[in-house]
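Before any comments, here is the structure.
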Amino acid sequence: MRMLHNVVMTSIVRPLSICVLVSLMMVFSPVFAQTTPPPPHTERQAPPTRDPHTPGYVAAKELPDGSLPPPNADGNFIIGPTYSVPADQVLHASTILKGDVIEFTMSSADSKIYPGIARDANTFGTVDPADPAKLIVTTSHPAPYMRKVAVYVPKQYVAGSVAPFIVGADGPDGLLFAALDTAIAQHKVPPMIAISIGNGSGDAQGSERGLEYDTMSGVYAEFVEKEVLPLVEAKAHVKLTHDPDGRATMGGSSGGSCALIMAWYHPELYHRVLTYSGTFINQQWPSNPQTPHGAWGFHEHLIPESPVKPIRIWMEVGDRDLFNPNVMGDNMHDWVLANEQMAKVLAARGYHYQFVFARNAGHVDHAVKQQTLPEALEYLWQGYPDSTTKK
């Protein structure tokens, strides 16, 4: 996925030929050397590999390599270090019915909620000298975008019936569609519609994607409800349930924090949340005094201090997940610690959740997602009838 390290402005790695040219210009042109110094060169270190048994992390059950948690078990689990395509998916790949995928695009010109912004290329932001947890971005401006929406309709869907559905970020998501083909055929999850929504471009503070996914409010869920779902019903010829127990959200990285944000601020719309490498860190922009630390606030105070909400959550983090990939230095940019603390507060408040710590795994790791997604979906949808008739 696109993450903050793509836009960090502390250094720009240039080709060797350009470095040589700049050096020659500095030798023969003292004025150039004085007025245009080259940017400092620093190498970003790879994220450290974290030990799931680190003091302060949640106690977790270590599973044999290649195995997954039971799909009906709450709690914390450690998996890996190797991953493969689920055996059921390989065995039945040629025999199961594959759903249809309908795609359409949405323009910012047609949105009343997200008319579009962008941050200038090769810019990031500066730390507020009065608050190290706040980033000042001056290069964000209005900009148009187009987004793709992919709608998966299983072969088991009965025309005219009301169906449960899952909304996913950063679409289209082929892994989700493949997992649903198998899980629906095996009656492990209900026949559901999957709505995979592309983001509005960019990443992190000052971008459209960052505005949509990292903002701690109900706006993105309202955008989906008012502007996306009516188009899905019209273009895919389906009917979507209004029952929050039949609605799920999912995503990776900022898409993962967005998935929880949607359910947290609108529990009357969504009760089920699935996240990979959730960005439960301080990345909200513009700053909001009600939630000054962005999604870090979920485990810092929102979940511990709020009444328990009717949300079931499955979440994952990798042992090499992201760690402090920007200049803020606010101690709120460790993805592993953030997810560990999420597991801790969810357990303390009595939520139904399953937390998977993946060894030998990076940020939104493709191999981990491919292996775990069928089980994650089964965990997420337990208790919901295997039917498209629930209203």
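The values are calculated or read from the model by the stated rules, or taken from the named source; none is laboratory data. None of the values given here were measured: they were computed from a predicted structure. As a convention, Cβ positions derive from the backbone with ideal geometry for all residues, glycine included, and neighbour counts pool all protein chains shown. Ligands, DNA and RNA are excluded from the accessible area calculation, which covers all protein heavy atoms including side chains. Shrake-Rupley method; radii C 1.70, N 1.55, O 1.52, S 1.80 Å.
Have a look at Ala367, Ala376, Ala358, Ala295 and point out the one that is in contact with an Asp or Glu (Cβ under 8 Å, 6 or more places away or on another chain) and farther than 24 Å from Gly56 by Cα. Break it down into steps so the answer makes sense when it comes.
Working: Ala367 fails: in contact with an Asp or Glu (Cβ under 8 Å, 6 or more places away or on another chain); Ala358 fails: farther than 24 Å from Gly56 by Cα; Ala295 fails: farther than 24 Å from Gly56 by Cα.
Being in contact with an Asp or Glu (Cβ under 8 Å, 6 or more places away or on another chain) and farther than 24 Å from Gly56 by Cα holds for just one of Ala367, Ala376, Ala358, Ala295, which is Ala376.
Mind counting the residues in the range 288-338 that are buried (at least 19 other Cβ atoms within 10 Å of the Cβ), over 25 Å from Tyr379 (Cα atoms) and of a type in the set (D, E, K, R)?
2
Of all the residues that make up the range 154-182, how many are open to solvent by less than 10 Å² (accessible area, probe 1.4 Å), within 25 Å of Gln284 (Cα to Cα) and of a type in the set (A, V, I, L, M, F, W, C)?
Total satisfying the criteria: 2.
Could you check the range 64-118 and list, in sequence order, the residues that are of a type in the set (Gly, Ala, Ser) and not in a loop (DSSP other than H, G, I, E, B)? Reasoning before the result, please.
Just the residues of the range 64-118 that are of a type in the set (Gly, Ala, Ser), to begin with: 66-67, 73, 75, 80, 84, 87, 93-94, 99, 107-109, 111, 116, 118.
Once the filter is applied, which keeps residues that are of a type in the set (Gly, Ala, Ser) and not in a loop (DSSP other than H, G, I, E, B), the range 64-118 yields Gly75, Ala87, Ser107, Ser108, Ala109, Ala118.
Identify, from the list Pro129, Pro115, Pro154, the residue that is farther than 26 Å from Glu222 by Cβ and modelled with pLDDT of 95 or more. Explain how you work it out, then say what you get.
Values: Pro129 fails: modelled with pLDDT of 95 or more; Pro115 fails: farther than 26 Å from Glu222 by Cβ.
Going through Pro129, Pro115, Pro154 in turn, the sole match is Pro154.
Quick one: Asp365 ticks every box in (1) open to solvent by less than 60 Å² (accessible area, probe 1.4 Å); (2) among the charged types (D, E, K, R); (3) over 17 Å from Pro52 (Cβ atoms) except a single one, so which number is it?
Of (1) open to solvent by less than 60 Å² (accessible area, probe 1.4 Å); (2) among the charged types (D, E, K, R); (3) over 17 Å from Pro52 (Cβ atoms), only one is false for Asp365: (3).
For the range 193-275, which fully contained helices (runs of 4 or more DSSP H) count at least 3 residues that are surrounded by fewer than 24 Cβ atoms within 10 Å (Cβ to Cβ) and not hydrophobic (A, V, I, L, M, F, W, C)? Reasoning before the result, please.
Details: elements: 208-214, 219-223, 229-236, 254-265.
Once the helices (runs of 4 or more DSSP H) in the range 193-275 are filtered for at least 3 residues that are surrounded by fewer than 24 Cβ atoms within 10 Å (Cβ to Cβ) and not hydrophobic (A, V, I, L, M, F, W, C), what remains is 229-236.
Of all residues in the range 67-85, which are surrounded by 12 or more Cβ atoms within 10 Å (Cβ to Cβ) and either modelled with pLDDT under 95 or in contact with a helix residue (DSSP H, G or I) (Cβ under 6 Å, 6 or more places away or on another chain) (or both)?
Leu68, Pro71, Asn76, Tyr83, Val85
Inspect the range 217-225 for any residue being at pLDDT 95 or above, over 19 Å from Asp110 (Cα atoms), in contact with a Leu (Cβ under 6 Å, 6 or more places away or on another chain) and not hydroxyl-bearing (Ser, Thr, Tyr) and give the result as yes or no. Spell out the reasoning first.
Kept after step one, since they are at pLDDT 95 or above, are these residues of the range 217-225: 217-225.
Now narrow it down to the ones that are over 19 Å from Asp110 (Cα atoms): 217-218.
Imposing the further condition that a residue be in contact with a Leu (Cβ under 6 Å, 6 or more places away or on another chain) reduces the set to none.
No, every residue in the range 217-225 fails to be at pLDDT 95 or above, over 19 Å from Asp110 (Cα atoms), in contact with a Leu (Cβ under 6 Å, 6 or more places away or on another chain) and not hydroxyl-bearing (Ser, Thr, Tyr).
Which of the residues that make up the range 183-192 are out of contact with any Gly (no Cβ under 9 Å at 6 or more places or on another chain), open to solvent by less than 10 Å² (accessible area, probe 1.4 Å) and not in a loop (DSSP other than H, G, I, E, B)?
Ala183
Can you name the residue in the range 195-212 that is of a type in the set (A, V, I, L, M, F, W, C) and free of Cβ contacts under 8 Å to residues at least 60 places away in the same chain and is also nearest to Ala169 (Cα to Cα) among such residues? So that I can check it myself, show each step before the final result.
The initial filter retains those residues of the range 195-212 that are of a type in the set (A, V, I, L, M, F, W, C), namely 195, 197, 204, 211.
Okay, now just the ones that are also free of Cβ contacts under 8 Å to residues at least 60 places away in the same chain, so 195, 197.
Numbers: Ile195: 9, Ile197: 5 Å.
Restricting to residues being of a type in the set (A, V, I, L, M, F, W, C) and free of Cβ contacts under 8 Å to residues at least 60 places away in the same chain, the top hit is Ile197.
What's the number of the only condition in (1) more than 29 Å from Ala130 (Cα to Cα); (2) open to solvent by less than 60 Å² (accessible area, probe 1.4 Å); (3) outside any loop (DSSP other than H, G, I, E, B); (4) of a type outside the set (Asp, Glu) that Lys344 fails to meet?
Of (1) more than 29 Å from Ala130 (Cα to Cα); (2) open to solvent by less than 60 Å² (accessible area, probe 1.4 Å); (3) outside any loop (DSSP other than H, G, I, E, B); (4) of a type outside the set (Asp, Glu), only one is false for Lys344: (2).
Would you check which residues across the range 141-166 are closer than 30 Å to Ile96 by Cβ and part of a strand (DSSP E or B) and list them? I'd like the intermediate steps shown before the answer.
Keep residues of the range 141-166 that are closer than 30 Å to Ile96 by Cβ, which gives 147-166.
Across the range 141-166, the qualifying residues are Arg147, Lys148, Val149, Ala150, Val151, Tyr152, Val153, Val162, Ala163, Phe165, Ile166.
Of all the residues that make up the range 110-136, how many are surrounded by fewer than 17 Cβ atoms within 10 Å (Cβ to Cβ) and either under 21 Å from the mean Cα position of the chain (by Cα) or among the aliphatic types (A, V, I, L, M) (or both)? First the steps, then the outcome.
Initially, the range 110-136 is screened for residues surrounded by fewer than 17 Cβ atoms within 10 Å (Cβ to Cβ), giving 110, 112-113, 115, 120-123, 126-132, 136.
Now drop any that are not either under 21 Å from the mean Cα position of the chain (by Cα) or among the aliphatic types (A, V, I, L, M) (or both), which leaves 113, 121, 127, 130, 136.
Residues that pass the stated criteria total 5.
Of the conditions (1) at pLDDT below 95; (2) under 26 Å from Tyr213 (Cβ atoms); (3) part of a loop (DSSP other than H, G, I, E, B), Thr138 fails just one. Which one is it?
Unmet condition: (1).
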